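What follows is one structure encoded as structure tokens, with my remarks underneath.
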């Protein structure tokens, strides 16, 4: 195979217009006409996102000759045949402030490779180089986990010195190239080593007095705990096989939350109020949420980026790719993310129990778990989980949250059956040994759809086929009360207050209270109310978005009482008679564990 690298250059040339210019140079294109495309989705986010819609212009040339392009479908083009080298230039509009796309303005730039790098069909295994060109601004720096190229050369623009992170980087192939996002701007940065591996945390946004030292201390503990977990003997960080460091890229805004994993980095969104500031004796309440997100995405370094479902080895980013195993890959990660906070010492046992109680409560608050299994939820992620609406709590179950409870149930089951000689930890290390450790060293294969129960048996000697049939492919709740009792943990249910209820979820919309979800068979449903109705009054008393307004109005009534409810449905005033329900015992409470997990 010709090993001449594919050459990309990327320049943030129009900050106010939010545009990147990307040039792909193919030394020896397909003589019959090179086909190029942009991925339709990004690994870790299971929705067709049509990134190619943000390509504003595309042109091709070979030498001084302009070449024609023919659009083949929503994502692909064929270039007029030429001898090469072939240069394809695109202008990419970047105004998606999320972890999935690309964003550019005068303060920073961020992009995932799936949003900017064209895939040259038939040449995906060729090595790639990227010339990252600095904008015409002072003091911008660039951050990525891609290794620097040696020597740094490119036919589109020569950059001989690495200045503030701008320069030429290299990737083994196209799949590697698109798995290293890049952040640029003037962020706050802190660095630390975890088990000898360099780590970098990059915070973009207005964040006065950010306590970087505290964050680095806590995240270092989490990272080292996870490295020890998967590699207790060698303490080897897997990303060092394909990158020279690990990078956390965090965009901070007023209310953001989210994350997306990559093989040696992760993109995060965090709310400003959740991050600790200098001089604070006690961290904000949301800081544990941020650390849980960090832990979740870092755990994916092993579990998803290297241990994968077989259908993702390799990814086909041109179309939906279905698997029934997301309950393992996202659910188990959602179990271990908070557990790693406990094991690393950044939260206490009581804080962990409180978090676990909220997770259990959240799952049991969704009637959809009786209609959809987590295997079905995994398979239908593309069409249902990632396209949720007002009725989703009544119709769906989350493979994240119920998947985490299944992981907990399996962990307790294995521990109970083996007198704590084995646990789910042994299963995770078995997955790592068989599928993950050598994934990028030519042994790329993934977990087959029906192989998990056998792997548990091989790793622990415990047959969990019945549990998987009932909890995963069936719709049964995990019997946590009984499982906890076997391990000295008491589980109770209670109400949050004694107020009667409409059995709805609400949201604020300006000064109004809007019904976000009407729970099936609940008081509002039986009384005729619908999602998106705007509450006006109950028994003639106004309901608005002021603090505790709805609760204050409901406090005047008792469960079983029939009340007159006025709502606006669209622009029409409607009146309904609703029989208020008694508050349900929806809040889980766990007493302190007698032995740590």
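Quick note: the coordinates plus some simple rules give every number you see, no bench work behind them. Computed from a predicted model, the values in this text were never measured in an experiment. A quick note on method: Cβ atoms are made from the backbone with ideal geometry, for glycine too, and the neighbour counts reach across all protein chains shown.
Things worth noting here:
- Selection count, segment 536-551, where residues are under 37 Å from the mean Cα position of the chain (by Cα) and part of a loop (DSSP other than H, G, I, E, B): 6
- Yes/no for residue 541 being at negative phi, out of contact with any strand residue (DSSP E or B) (no Cβ under 8 Å at 6 or more places or on another chain) and touching a residue at least 12 places away in the same chain (Cβ under 8 Å): yes
- Restricting segment 478-504 to residues that are loosely packed, with under 13 Cβ neighbours inside 10 Å and touching a residue at least 24 places away in the same chain (Cβ under 8 Å), the residue that is nearest to residue 449 (Cα to Cα) is 486.
- Criterion (surrounded by 15 or more Cβ atoms within 10 Å (Cβ to Cβ) and without any contact (Cβ under 8 Å) to a residue 12 or more places away in the chain) met by exactly one of 470, 475, 507: 470
- Hits in segment 331-360 - residues which are within 25 Å of residue 45 (Cα to Cα) and touching a strand residue (DSSP E or B) at 6+ places or on another chain (Cβ under 9 Å): 332, 333, 336, 356, 358, 359, 360
- Tally, over segment 64-86, of residues that are assigned to a strand (DSSP E or B) and surrounded by fewer than 21 Cβ atoms within 10 Å (Cβ to Cβ): 8
- Taken over segment 181-204, the criterion of being over 20 Å from the mean Cα position of the chain (by Cα) and in a loop (DSSP other than H, G, I, E, B) is satisfied by 186, 187, 195, 196.
- Test: residue in segment 27-34 that is closer than 17 Å to residue 149 by Cβ and more than 32 Å from the chain's Cα centre (by Cα): yes
- Of the residues making up segment 577-597, those that are over 34 Å from the mean Cα position of the chain (by Cα) and crowded, with 16+ Cβ neighbours inside 10 Å number 3.
- Across segment 431-446, the number of residues qualifying as crowded, with 17+ Cβ neighbours inside 10 Å and part of a helix (DSSP H, G or I) comes to 7.
- For segment 50-72, a tally of residues being out of contact with any strand residue (DSSP E or B) (no Cβ under 7 Å at 6 or more places or on another chain) and under 30 Å from residue 259 (Cα atoms) returns 4.
- Within segment 542-564, being exposed (fewer than 15 other Cβ atoms within 10 Å of the Cβ) and under 16 Å from residue 579 (Cβ atoms) holds for 556, 558, 560, 561, 562, 564.
- Filter result for the condition that a residue is touching a helix residue (DSSP H, G or I) at 6+ places or on another chain (Cβ under 7 Å) and either assigned to a strand (DSSP E or B) or surrounded by 24 or more Cβ atoms within 10 Å (Cβ to Cβ) (or both), over 247, 252, 219: 252
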